[in-house]
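Below you'll find the structure, written out as structure tokens, and then a few comments.
Here, each number is a calculation from the coordinates, and none is a lab measurement. Just so you know, these numbers come straight off a predicted model, no measurement behind them.
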Amino acid sequence: MWHPPPRAIYCFQDCELWVGDGYCDPVNNNAYCHYDGGDCCVSTSAFKQVITVPASCDRKKECACRDPSAKENAQKRWATRPPLPP
Ligand SMILES: [Ca+2]
């Protein structure tokens with residue numbers, strides 16, 4: 001019998017519950033779940049720090065700060081912007 005991959009249905013069932021609870025949940029770290037309500041970025045987390053669930057979650061991968069509106073990612077854009085003309 002065919003089953004959908006658990007990760008695919010997990011977000012749709014649970015992202016409403018865990019979004020913005022202060023803990024970075026990798027299943028919610030996507031655009032559909034609003035990047036877990038900011039939980040995966042220091043600047044947008046309710047606790048002003050990233051606490052991943054599970055604690056072993058890789059913060060360079062599935063628990064990375066992906067929210068394009070987060071300060072961390074804005075700074076990256078500024079850093080790559082060419083200098084203003086004189
Ligand atoms: Ca969360």
(request) Subtract the Cα-Cα distance of Val42 and Asn30 from 0.36 nm times their separation in residues, and report this length gain in nm to one decimal. (result) 2.7 nm
(request) Determine the gain in length on full extension of the stretch Gln49-Ala74; use 0.36 nm per residue of separation and subtract their C-alpha separation, reporting nm with one decimal. (result) 7.3 nm
(request) Go through the range 44-57 residue by residue and turn each phi into a ³J(HN,Hα) via Karplus (6.51, -1.76, 1.60, θ = phi - 60°); whole Hz please, and just put x for glycine and proline. (result) 10, 6, 4, 9, 6, 7, 9, 10, 8, 10, x, 4, 7, 4
(request) Could you run the Karplus curve 6.51 cos²θ - 1.76 cosθ + 1.60 with θ = phi - 60° over the range 59-68 and give me ³J(HN,Hα) per residue in whole Hz, x for Gly and Pro? (result) 7, 9, 10, 5, 10, 5, 6, 9, 5, x
(request) Starting from the amide H of Cys24, placed 1.01 Å from N in the peptide plane, find each other amide H under 5 Å away whose residue is 5 or more places distant or on another chain. (result) Ile51, Thr52, Val53
